[in-house]
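Remarks on the structure that follows.
The values are calculated or read from the model by the stated rules, or taken from the named source; none is laboratory data. On a predicted model such as this, the values are computed, not experimentally measured, just so you know. FYI the Cβ positions are ideal-geometry reconstructions off the backbone, even for glycines, and counts take in every protein chain you see.
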Amino acid sequence: MDVHASLTDAVGNTPLVRLNRVTDGALAPVYVKLEYVNPGGSVKDRIALAMVEAAEESGELAPGGTIVEGTSGNTGVGLAMVAAQRGYRCVFAIPEKSSAEKVAVLRAYGAEVIVCPSDVPREHPDHVHSVATRVAAETAGGWLANQYDNPANPLAHYRTTGPEIWRQTDGRITHLVSGIGTGGTITGTGEYLKEVSGGRVTVVGADPESSVYSGGDGSPYYVESIGHFRHPETVDDTWPQSYHPEVVDRFERIGDRDSLRTARRLAREEGLLVGGSAGTAVAAALRVAAELTPDDLVVALLPDSGRNYLSKVFDDTWLRGLGLLDESGAGDR
Ligand code: PMP
């Protein structure tokens, strides 16, 4: 039988698909890695599984334990999925601006949710990270996943995402393009690909225009889950330990308009319904590919599905309200 013994065996080994219609004449082929095909719907299934397994091995997480994290996003879904499948309790501190759908998904997996104010700096006791840290410490058997500083995050990509791309491209990849949230994806995947290729692979960070990662002023932007913006009251920006900045050879800085337009084009012209951060990655990949030759090969990572953003990226009224709708009709065919 061609079966999986458990759901978590179905994490990873996602398809790598060539872009054919949005490439605007670029000579270098661009392939995209479809992370929404993971069973929890995003790239974060990889790190959720890896962080839980590392904590089980170290004894930090034991049977009957409680998984705690400060997130409403894809990592929460991945952790909730693994928790359900392995019988752990699961608690998430989430910012109140999180959409009702996101909260509903976490609860559907049986997770408990604590709603925290969105608009407080990281140092504040009500910030999601402070609350999650406190809940983990005060709960018997509590374990904080802490994706921003957990070495199992980049390691998951070093062990799975990187080798998959190398194998799938038969070692022909020359450029990796990825957004940077916790930095785990670009760090682990990039470090593996550089090592295995003897330094031949160039790693490109696809970053929102004002993100601090690529030297921006930290002002807000709309694409979710990537880049780093600075809360006005934050005194100290520290890079997450999951991000090793030296892995990035160059940045492509992409504005909201370009990211969101590219995400919409991917749905309408390639049949790829993906999120805004995937739009950022592909916009960057297309810029990179435009300067390359047919002997190069660009791979962009697409972290999650556009279904998470139907009321935002794919809603004309929402986009128009922000002045981000491309009224020329380009990408709206
Ligand atoms: N895009 C989306 C939609 C994500 O959920 C994440 C993870 N937060 C990223 C991009 C960034 O990935 P990483 O945390 O590995 O840098």
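Figures for the structure shown
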{"quantity": "Residue tally, condition away from the ligand (no atom under 14 Å from the Cβ) and charged (D, E, K, R), over the stretch 290-310", "calculated": "3"}
{"quantity": "Of all residues making up the stretch 92-112, the number that are without any contact (Cβ under 8 Å) to a residue 40 or more places away in the chain and in a strand (DSSP E or B)", "calculated": "3"}
{"quantity": "Per-region count, the stretch 75-101, residues at pLDDT 95 or above and either of a type outside the set (A, V, I, L, M) or more than 17 Å from Pro39 (Cα to Cα) (or both)", "calculated": "12"}
{"quantity": "Contacts under 9 angstrom Cβ, first residue in the stretch 66-87 being touching a residue at least 60 places away in the same chain (Cβ under 8 Å) and closer than 15 Å to Ile47 by Cβ, partner part of a strand (DSSP E or B) and within 12 Å of the ligand (Cβ to nearest atom), 6 or more apart", "calculated": "Gly73/Ser42; Gly73/Asp304; Asn74/Ser42; Asn74/Asp304; Thr75/Ser42; Thr75/Glu69; Leu79/Glu69"}
{"quantity": "Conditions (1) within 15 Å of the ligand (Cβ to nearest atom); (2) not in a loop (DSSP other than H, G, I, E, B); (3) not hydroxyl-bearing (Ser, Thr, Tyr): number failed by Arg257", "calculated": "(1)"}
{"quantity": "Qualifying position, being crowded, with 20+ Cβ neighbours inside 10 Å and part of a loop (DSSP other than H, G, I, E, B), among Ser210, Ser219", "calculated": "Ser210"}
{"quantity": "Strands (runs of 3 or more DSSP E) (entirely within the stretch 1-91) containing at least 3 residues that are within 16 Å of the ligand (Cβ to nearest atom)", "calculated": "30-34"}
{"quantity": "Options Leu286, Leu325: the member that is of a type in the set (A, V, I, L, M, F, W, C), assigned to a loop (DSSP other than H, G, I, E, B) and away from the ligand (no atom under 16 Å from the Cβ)", "calculated": "Leu325"}
{"quantity": "Residue satisfying condition, being part of a helix (DSSP H, G or I) and either touching a Gly at 6+ places or on another chain (Cβ under 6 Å) or surrounded by fewer than 21 Cβ atoms within 10 Å (Cβ to Cβ) (or both), within set Arg264, Arg230", "calculated": "Arg264"}
{"quantity": "Criterion violated by Gly323 - all others in (1) exposed (fewer than 14 other Cβ atoms within 10 Å of the Cβ); (2) assigned by the TED database to the domain that holds His228; (3) farther than 25 Å from Val105 by Cα satisfied", "calculated": "(2)"}
{"quantity": "Filter result for Ser277 (at pLDDT 95 or above, surrounded by 17 or more Cβ atoms within 10 Å (Cβ to Cβ) and within 15 Å of the ligand (Cβ to nearest atom))", "calculated": "yes"}
